[in-house]
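**Q** Handing you a structure now.
The values are calculated or read from the model by the stated rules, or taken from the named source; none is laboratory data. Bear in mind that the values here come from a model prediction, so they are computed numbers and not experimental data. Here Cβ is always computed from backbone atoms with ideal geometry, including for glycine, and neighbour counts include all displayed protein chains.
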Amino acid sequence: MYKNKEVIVKLSEEAATVYDELNKLVGQEKLKKIESSFHQTLLRSIIRIKELLRQNPFAGNQVSKRLIPGKYTLKYDIDNLWRIELAGRWRLVYSITGNQLEIINFILDIFDHRNYDKVFGYKH
């Protein structure tokens, strides 16, 4: 609950694909008795951030409206975008919607820094 509203964290199809693939990789590593890896660290980081967003939907850094990539405004019709850092310079971007009863954090993408830069049009 956040300010007497239920907080729901949802993943887009793209974010769910990354999350599911990461879960699969970690599962395979665990079967091979690998107890520590970047995949495991990243997965723990995502799980921690999802829980943080349930407690505080505004935990990330808001992206200026003029910097919101067109792919998100066209596909999801959003007017706000937030980003939060994950382990290993990965990023998670999300939008916040809701009503009088609930707040929805919609995770749009989970990606490495190179792909984040590409989506946001940053040059090296």
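**Q** Which residue is farthest from ALA15 (Cα to Cα), if the candidates are limited to region 52-76 and must be polar (S, T, N, Q) and assigned to a helix (DSSP H, G or I)? Steps first, please.
**A** Of all residues in region 52-76, those polar (S, T, N, Q) come to 55-56, 61-62, 64, 73.
Of the ones still in play, those that are also assigned to a helix (DSSP H, G or I) are 55, 73.
Numbers: GLN55: 20, THR73: 16 Å.
By that ranking, first place goes to GLN55.
**Q** Sticking with this one: Return a yes/no flag: does region 80-97 have any residue that is loosely packed, with under 15 Cβ neighbours inside 10 Å, more than 15 Å from the chain's Cα centre (by Cα) and either without any contact (Cβ under 8 Å) to a residue 12 or more places away in the chain or under 18 Å from GLY121 (Cα atoms) (or both).
**A** So far as region 80-97 goes, no, none of its residues is loosely packed, with under 15 Cβ neighbours inside 10 Å, more than 15 Å from the chain's Cα centre (by Cα) and either without any contact (Cβ under 8 Å) to a residue 12 or more places away in the chain or under 18 Å from GLY121 (Cα atoms) (or both).
**Q** Search region 26-44 for residues that are closer than 21 Å to LEU86 by Cα and modelled with pLDDT of 95 or more and pair each with any residue that is assigned to a loop (DSSP other than H, G, I, E, B) and among the polar types (S, T, N, Q) when their beta-carbon atoms are under 6 Å apart and the residues are at least 6 apart or on different chains.
**A** Here the result reads GLU29/SER37, each pair linking region 26-44 to a residue that is assigned to a loop (DSSP other than H, G, I, E, B) and among the polar types (S, T, N, Q).
**Q** Restricting attention to region 98-114, report how many residues are over 19 Å from ILE78 (Cβ atoms) and free of Cβ contacts under 8 Å to residues at least 12 places away in the same chain.
**A** Initial filter on region 98-114 (over 19 Å from ILE78 (Cβ atoms)): 100-101, 112-114.
Adding the requirement that they be free of Cβ contacts under 8 Å to residues at least 12 places away in the same chain leaves 114.
Residues flagged as over 19 Å from ILE78 (Cβ atoms) and free of Cβ contacts under 8 Å to residues at least 12 places away in the same chain within region 98-114 amount to 1.
**Q** Please determine whether any residue of region 48-58 is surrounded by 12 or more Cβ atoms within 10 Å (Cβ to Cβ), under 15 Å from the mean Cα position of the chain (by Cα), over 16 Å from LEU86 (Cβ atoms) and among the hydrophobic types (A, V, I, L, M, F, W, C).
**A** Yes, region 48-58 contains a residue that is surrounded by 12 or more Cβ atoms within 10 Å (Cβ to Cβ), under 15 Å from the mean Cα position of the chain (by Cα), over 16 Å from LEU86 (Cβ atoms) and among the hydrophobic types (A, V, I, L, M, F, W, C).
**Q** So, one more: Inspect region 95-105 for any residue being modelled with pLDDT under 95, touching a strand residue (DSSP E or B) at 6+ places or on another chain (Cβ under 8 Å), outside any helix (DSSP H, G or I) and at positive phi and give the result as yes or no.
**A** yes
**Q** A further question on this structure: Can you tell me which residue in region 8-34 is farthest from LEU101 (Cα to Cα), limited to those that are among the hydrophobic types (A, V, I, L, M, F, W, C) and either under 15 Å from the mean Cα position of the chain (by Cα) or exposed (fewer than 12 other Cβ atoms within 10 Å of the Cβ) (or both)? Please lay out each step first, then the result.
**A** So the first thing to find is which residues in region 8-34 are among the hydrophobic types (A, V, I, L, M, F, W, C), and the list is 8-9, 11, 15-16, 18, 22, 25-26, 31, 34.
Next, from what is left, pick out any that are either under 15 Å from the mean Cα position of the chain (by Cα) or exposed (fewer than 12 other Cβ atoms within 10 Å of the Cβ) (or both): 8-9, 11, 15-16, 18, 22, 31.
Numbers: ILE8: 11, VAL9: 14, LEU11: 20, ALA15: 25, ALA16: 25, VAL18: 29, LEU22: 32, LEU31: 42 Å.
Of everything passing the filter in region 8-34, LEU31 is farthest from LEU101 (Cα to Cα).
**Q** From the set of residues in region 98-124 that are aliphatic (A, V, I, L, M) and over 15 Å from the mean Cα position of the chain (by Cα), which is surrounded by the most Cβ atoms within 10 Å (Cβ to Cβ)? Talk me through it step by step, then tell me what you get.
**A** Residues of region 98-124 aliphatic (A, V, I, L, M): 101, 103-104, 107-108, 110, 119.
Remaining after also requiring over 15 Å from the mean Cα position of the chain (by Cα): 101, 103.
Working: LEU101: 8, ILE103: 20.
Among them, the one singled out is ILE103.
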